[in-house]
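Right, one structure below, let's go through it.
The values are calculated or read from the model by the stated rules, or taken from the named source; none is laboratory data. Predicted model, so just to flag it, every value in this text is computed and none were measured. Methodologically, a virtual Cβ is constructed for each residue, glycine included, from the backbone with ideal geometry; neighbour enumeration extends over all protein chains shown. Keep in mind that these areas ignore ligands, DNA and RNA; they rest on the heavy atoms of the full protein, side chains included. Shrake-Rupley method; radii C 1.70, N 1.55, O 1.52, S 1.80 Å.
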Amino acid sequence: MSNDASTPATQRTGLGLQALTALAFCGLLLVFGAGAVALEWQTDQRRARERALSIVEERADILAGQAADALRVADGATLETLALSIAHRNASLGVRVVGTDGSVLVSDVARPDAVKLLERLTRARADRVVSVYEPELVAAAAPVRLDGVLVGVLAVAAERAPLEAGQGGSAVRLALLMLGVLALAIPAAMWLGQKVLAPLGPIVAFIDGLGEKQLADRLAPKDVLARGEFGELAAACNRMADRLQQSYRRLQRMAYSDTATGLPNHERFARDVTEFLSTRQEDVGALFVVRLDRLERIFDAIGQDAGDELLTRIVGRLSAAVRAIDRMVRTETCVERPSQLARLRGGDFGVLAPRLRGPEDAARYAQLLASALNQPFDWRENKLVLGAVIGAAILPQDGADADTAIRHAMLAMAAAKTDTGRMKFFTKALDREANAQLAFEREMRVALENNEFRAFFQPKIDLMTGRVIGAEALARWVKPDRTMVSPGRFIPAAEENGLIGSISDIIMRDACWKAASWAREGFPISVAINISPLQFADERFTDKVLRIMAEAGVQPNRVELEITESVALENPDRALRLLEPLRAEGVKVSLDDFGCGHSSLASLTRLPFDIIKIDQQFVRALAKDRHAPAIIEMILAMAASLDYTVVAEGVETEHEAEFLRRRGCQIGQGFLYGAAMPAPDFLRFNVERAGHLAGFPSARAV
Ligand code: C2E
Ligand code: MG
Ligand code: MG
């Protein structure tokens, strides 16, 4: 294993530990050495004391003998001489001889402290040799005997230092020896530490390497002591590196690939686009965003397992298409640098075609991609149409960075939904439009917070009697300065950005409260409320409607919910599940804009509704299109046989009203009677119309 970068760290760690080991070793040596020196010093002290005492005792004993001799001859002068000789003997401080009767026979003492000491010793009159050891002096007393009879005591004192000289050396010698040993021990300990800790270096370097993502490295047995604790440590490090490497690979897979398809994901795709943008030269690239917008509906219908299988097939088909187009458009570069396919999210896929010769190649690529993906697809004896919508951006002109390029292709894709070819290239105008839409959305959010949305009511007229039998609540945006934003502008925008759900909730609440108050004022009018696909997508839809009706105190049979054909038919079972409980309470359900969707007559019978609203385009066509009367007649005939009530929308002329009435259409709604108006105006309209009708009882007079 090699790791040059981490060598200094290794050395640092090695030296640190070695120094520590040496320090610990020397510390131990020092403690033991100091102990031994202290013991030796004590022994020295004891020896010196014993020597001093034995000298002085011996001296006292000898002198006592000499004193006895002098006494035998009863010669005071001899005693004096003895005393003098003692006084001059080195280190002796004096002598004192006392008779048994207490008489001082000789006293020749040089120092006052020695005087006291000798007096004390001679007073004791010991019958054997005794000695005392003082801080500076030693003294001894010995009995003076004449022919075995005790006749006195002799005491002699001496300075301690000369007697003890030369007795303290062994402790000093030992201390010097210890220092010598210590001086040798430090490098020895360092050397030993280095030897013992040597395998730690590669291990530390290895762990440092792991921290720097060198996950493929492993510790070899030669790097460390293969056995023992370091061997185990190295093996554990290798196991840890194995696991880290596996986790890292898994994380990378998860971070950069789509788990369901194994294709690169959005992040990876963005990285590839960035790489292309930063490495390209004269060439251009194309970025396509492909949305298979029927995919989710197909998955819902076929279930999870079959969905997974289908997804695999679709990915296979997509990559085959991309490879084939590569060969046709990018003949020279496709092998070396193939186009990349990625799954961005859900039913959105991305294709990056690098190294194109120019925008013409991008256009050709796009056309081929669109036609390949719009071919029906064989799957389990069925023909599936994936419904691909494609947005394209040319690189680098439509995006100098990956995010912008992808966002622009997405914008083109959103615009392509309504395009006949279902394929669009990004243009600057699209960008401007998207920005304007964003600004409008922000404005709409502020308006929502400021309660600028409210329900206006358009009357629904009983074509036979001319009476107002109901109203449709339509959302209106009234700004604080009383100006109105056209519903033709904000409703499609709200449907696009999802705010229609919140707006419709407000309208539903407003309409229910108004219907309840009109009923209290003697106008029991039913009110129709438009339901947005977003509201209907919420599983709690039924409960929400029930709760709003209860809070408003409106009778459910005064409430009508208008649902468009496409919403109801998208999932008829769901429509049944959500609407049946409401119908059981008395709520009516109407199928709005009937004739615009693709309802099959068979599916109509499965849907839980009571009213059909003929779309206004058929009514408007009455004057212009010779087939229009036949279509309306057909709808009316079908509704009659299935027992649905029919409302005709967009009645603008008396001629249209007359036609509808004659064909048996019960209810009309349109500018002929009145446009949507604020609640107070609607109430006034009702009162006036009731009064008007009272004067003209015949229905024909309407
Ligand atoms: P819709 O439910 O079919 O509503 C009827 C539309 O036709 C209304 O347009 C109404 O003003 C218009 N209209 C009525 N009589 C005539 C007529 O004689 N001639 C012509 N040319 N038009 C007539 P508006 O208010 O612009 O609403 C458009 C659509 O917006 C509505 O179609 C409805 O689908 C949706 N919408 C309106 N309010 C709401 C709401 O509160 N929630 C939801 N989810 N959608 C709403
Ligand atoms: Mg409606
Ligand atoms: Mg309608």
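Descriptive notes on the structure:
- Scan of the range 569-600 for residues that are closer than 30 Å to residue 628 by Cβ and in contact with a Phe, Trp or Tyr (Cβ under 7 Å, 6 or more places away or on another chain), ordered by number: 589, 590, 591, 595
- Of everything listed in (1) buried (at least 18 other Cβ atoms within 10 Å of the Cβ); (2) within 16 Å of ligand 3 (Cβ to nearest atom), the single unmet condition for residue 597 is (1).
- Residues in the range 397-455 that are in a helix (DSSP H, G or I), polar (S, T, N, Q) and over 30 Å from residue 677 (Cβ atoms): 404, 435.
- Test: residue in the range 651-658 that is within 22 Å of residue 530 (Cα to Cα), in contact with a Lys or Arg (Cβ under 9 Å, 6 or more places away or on another chain) and either part of a helix (DSSP H, G or I) or open to solvent by 30 Å² or more (accessible area, probe 1.4 Å) (or both): yes
- Selection from the range 521-532 of residues that are open to solvent by less than 70 Å² (accessible area, probe 1.4 Å) and either touching a residue at least 40 places away in the same chain (Cβ under 8 Å) or within 16 Å of ligand 1 (Cβ to nearest atom) (or both): 523, 525, 526, 527, 528, 529, 530, 531, 532
- Taking the range 381-401 as the range and being more than 23 Å from residue 271 (Cβ to Cβ), within 43 Å of the chain's Cα centre (by Cα) and not β-branched (Val, Ile, Thr) as the test, the residues that pass are 384, 386, 387, 388.
- Residue identified as touching a Ser or Thr at 6+ places or on another chain (Cβ under 7 Å) and farther than 30 Å from residue 690 by Cβ among 579, 569, 534: 569
- Helices (runs of 4 or more DSSP H) within the range 461-551 that include 1 or more residues of a type in the set (Phe, Trp, Tyr) and more than 16 Å from ligand 3 (Cβ to nearest atom): 487-497, 500-520
- Taken over the range 307-330, the criterion of being in contact (Cβ under 8 Å) with a residue 60 or more places away in the chain and open to solvent by 10 Å² or more (accessible area, probe 1.4 Å) is satisfied by 313, 317.
- Any hit, the range 557-564, residues being open to solvent by 60 Å² or more (accessible area, probe 1.4 Å) and not in a strand (DSSP E or B): yes
- Scanning the range 446-499 for residues that are under 44 Å from the mean Cα position of the chain (by Cα) and of a type in the set (Gly, Ala, Ser), we see that the one that is surrounded by the fewest Cβ atoms within 10 Å (Cβ to Cβ) is 488.
- Odd one out for residue 275, checked against (1) open to solvent by 60 Å² or more (accessible area, probe 1.4 Å); (2) in a strand (DSSP E or B): (2)
Table: residues versus (1) modelled with pLDDT of 90 or more; (2) within 16 Å of ligand 1 (Cβ to nearest atom).
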| residue | (1), (2) |
| --- | --- |
| 594 | no, yes |
| 597 | no, yes |
| 601 | no, no |
| 608 | no, no |
| 630 | yes, no |
| 634 | yes, no |
| 639 | yes, no |
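- Number of positions in the range 536-548 that are among the hydrophobic types (A, V, I, L, M, F, W, C) and either touching a strand residue (DSSP E or B) at 6+ places or on another chain (Cβ under 6 Å) or open to solvent by 50 Å² or more (accessible area, probe 1.4 Å) (or both): 2
- Taking every residue in the range 363-376 that is touching a residue at least 24 places away in the same chain (Cβ under 8 Å) and pairing it with any residue that is in a loop (DSSP other than H, G, I, E, B) and open to solvent by less than 50 Å² (accessible area, probe 1.4 Å), at least 6 positions away or on another chain, the pairs with Cβ-Cβ distances below 7 Å are 370/421; 373/386.
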